[in-house]
Each structure stands twice: as structure tokens, then as C-alpha cells.
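The values are calculated or read from the model by the stated rules, or taken from the named source; none is laboratory data. In this text the structure is predicted, and so the values were computed from the model without any measurement. No Cβ is skipped: glycine too gets one built from the backbone with ideal geometry, and neighbour counts run over all protein chains shown. The protein model used for the area step is the full one, side chains on, heavy atoms only, and it has no ligands, DNA or RNA in it. Shrake-Rupley method; radii C 1.70, N 1.55, O 1.52, S 1.80 Å.
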Amino acid sequence: MNAVGSAGELAGRLRATGYLAGEGLATVGYLALALHRPLLLEGEPGTGKTSLAAAIAEALDLDLIRLQCYEGIDASQALYDWDFPRQILHLRTVEATTSDAAVEEVEKSLFDERFLLSRPVLRALRESPAVLLVDEIDRADDEFEAFLLEVLSTYEVTIPELGTITAEVPPIVVLTSNRTREVHDALKRRCLYHWIDHPGLAREIEIVRTRLPEVSERLAEQVTRSVQRMRDLDLLKPPGVAETLDWTRALDALGADVLDVETAAATLGAVLKYREDTDRVRESLDRLLAS
């Protein structure tokens with residue numbers, strides 16, 4: 001891993017990947033690297049939380065290991081499992097070829113490294129330095145949070161059949177939350193924290209121009225300005241930067257150099273994902289596209 005000497009250097013490396021980090025985000029990101037602390041990012045969907053983890057991995061030339069959280073996820077799905085089909089085949093092979101094999105030796109051979117299926121958290125501990133992305137931690141339950149807190153406190157896990165596995169170098173850990181529920185204080189205290197908000201107009205235009213340099217400056221400005229105005233409407237799901245980029249890509253794919261009412265109405269599916277939002281925006285397109 002290439003060491004980062006300052007927040008400014010981190011911002012520069014992130015920019016080289018196409019991710020534009022503000023001073024506050026670059027500073028807390030640098031501190032997370034320097035202090036070996038997990039980084040908890042909260043914000044509205046589409047504001048670049050997940051993308052930051054990918055950008056850090058690319059900037060530091062590290063593997064990105066992603067753990068997608070969901071309702072009901074448990075420790076085994078984050079840590080490891082045993083390859084039961086292969087274990088059964090192994091057992092049948094032993095039975096067919098060795099008549100006097102000791103039961104204890106056979107049982108021991110079933111829980112060998114070759115049958116271990118490493119899940120994201122275990123992979124991150126064993127393969128570090130790496131970036132571990134724990135995405136949408138707010139979708140998991142209290143028990144999973146407690147498990148994660150324990151792992152992030154020691155960077156080690158115990159597998160009864162194999163012993164304790166400790167990371168030689170703590171992985172870079174990025175947790176994201178859309179704040180559908182509050183993350184517990186104990187986990188927050190373990191992490192450095194940053195709220196990622198929607199960027200201002202000038203910065204979002206810069207993001208679009210950086211990520212999509214082939215798009216004309218006029219189109220980038222029109223799309224961004226329209227999305228910014230959409231966020232002021234009472235939408236079920238206001239579009240994020242990700243949707244701004246998606247809409248711009250869609251328009252560019254159609255060969256559009258400017259955004260007019262007809263083209264905007266035909267491509268709203270790239271930026272809005274609810275029928276109610278689409279209907280509301282379609283009624284206001286003239287005002288949203290006004291210079």
C-alpha cells in the first residue's frame with residue numbers, strides 16, 4: 001500500500017480516480033488511514049458513500065472487499081462457512097479408500113483449510129492491506145452490529161476448528177449508512193464519522209465533468225441544474241449524484257448536446273425511480289429546465 005502523507009495528498013489521489021472529495025471528507029479520510037480507525041459515512045442515497053470506498057481502494061492500489069448488509073444477515077455470512085458438498089465428497093473418498101482410518105483423524109480432516117469458505121470480513125483480515133466496505137450497515141440488526149464492533153476492536157476472529165486469525169495490518173474499513181435507522185453509539189464511537197450531503201451546483205458540475213469528460217459543458221450544466229432543482233421538490237426519492245451521472249450518460253448515449261423538455265421527459269427513468277416522482281417532475285419540466 002502506498003502511504004498517504006496528508007489530507008491534501010489523499011484528495012489528489014482520489015481526484016485522479018474521478019472522485020472529488022471536499023476538504024472535510026478528505027481530512028476525515030486521511031485520519032481514518034493514519035489512525036487505523038473505521039470510517040462511518042452517512043448521507044442520502046446516491047451521495048457517493050460507496051464510491052468513496054472504491055476510490056480509496058483504487059487510489060491506494062488495494063483490493064476492495066465488499067460486505068452488503070441486509071435484514072437478517074448474521075456473523076456466519078460475514079465471516080466464514082464450510083464447503084459441505086466438498087466435505088461430504090471427501091468423507092466418502094476416505095471411507096472408500098481407507099478402511100481403518102481413525103475417526104478423530106477423519107473428523108479433523110473435514111475441517112481443513114481447503115474446505116473453508118472465507119466471507120468478506122475474514123477475507124479482509126487475511127488479505128489485508130485491503131479496503132473492507134461494509135455497505136448499508138443500517139439494514140443489519142443489533143446483534144450483527146455487536147459482532148462487527150467486536151471484530152473492529154481487535155481485528156481478529158476465532159474459528160474453533162482452526163484457531164484465532166489476526167490481521168497483520170488492520171484493513172481500511174468504510175461503513176456506509178442511509179440512516180434508515182440509527183447506528184448504535186458503541187459502533188459510532190469506534191469509528192470516525194462524516195455526513196456526506198448533496199454537493200452544491202458548481203461542485204456537482206465539476207463532478208460530472210470529471211467523471212464524464214466526453215460530455216459537453218453545456219449539457220453537464222443543464223442536467224446538474226435540473227437535478228438540483230428536483231431536490232427542492234417534495235419527491236419520494238430525491239436524485240443523488242449517482243442519478244445525475246446516470247441521466248447525463250443516458251443523454252450522451254442518445255447524442256443529445258442540450259437538454260430540452262421533450263428529451264428530458266423521455267429520459268426521466270434514468271434519474272427518477274418512482275412513478276409519483278416522475279409525474280410531479282414532468283409537470284414542472286418547463287420551470288426545471290429554465291436557464
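A few notes on this one:
- Within segment 147-165, the set of residues being within 30 Å of T47 (Cβ to Cβ) and either in contact (Cβ under 8 Å) with a residue 12 or more places away in the chain or surrounded by 15 or more Cβ atoms within 10 Å (Cβ to Cβ) (or both) comprises F147, L148, L149, V151, L152, S153, Y155.
- Flag if E105 is at pLDDT 90 or above, part of a helix (DSSP H, G or I) and open to solvent by 50 Å² or more (accessible area, probe 1.4 Å): no
- Search result, residues across segment 45-75 that are within 24 Å of E243 (Cβ to Cβ), surrounded by 19 or more Cβ atoms within 10 Å (Cβ to Cβ) and touching a Pro at 6+ places or on another chain (Cβ under 7 Å): G46
- Long-range neighbours under 6 Å by Cβ, at least six apart or interchain, first residue in contact (Cβ under 8 Å) with a residue 24 or more places away in the chain and assigned by the TED database to the domain that holds L251 within segment 267-284, second open to solvent by 20 Å² or more (accessible area, probe 1.4 Å) and of a type in the set (S, T, Y): L272/T278
- Which numbered condition R37 misses (of (1) open to solvent by less than 50 Å² (accessible area, probe 1.4 Å); (2) touching a Leu at 6+ places or on another chain (Cβ under 9 Å); (3) under 22 Å from R179 (Cβ atoms)): (1)
- Residue that is most open to solvent (accessible area, probe 1.4 Å), among those in segment 183-197 that are closer than 25 Å to P239 by Cβ and assigned to a loop (DSSP other than H, G, I, E, B): D197
- Candidate set: segment 1-19, residues that are under 30 Å from A270 (Cβ atoms) and open to solvent by less than 20 Å² (accessible area, probe 1.4 Å); chosen: the one modelled with the lowest pLDDT: G18
Residue-wise test of (1) surrounded by 14 or more Cβ atoms within 10 Å (Cβ to Cβ); (2) closer than 30 Å to R123 by Cα.
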residue	(1), (2)
A167	yes, yes
E206	yes, no
Q222	yes, no
P239	yes, no
T248	yes, no
A253	no, no
D257	no, no
A265	no, no
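- The one condition in (1) under 21 Å from the mean Cα position of the chain (by Cα); (2) in a loop (DSSP other than H, G, I, E, B) that P213 fails to fulfil: (1)
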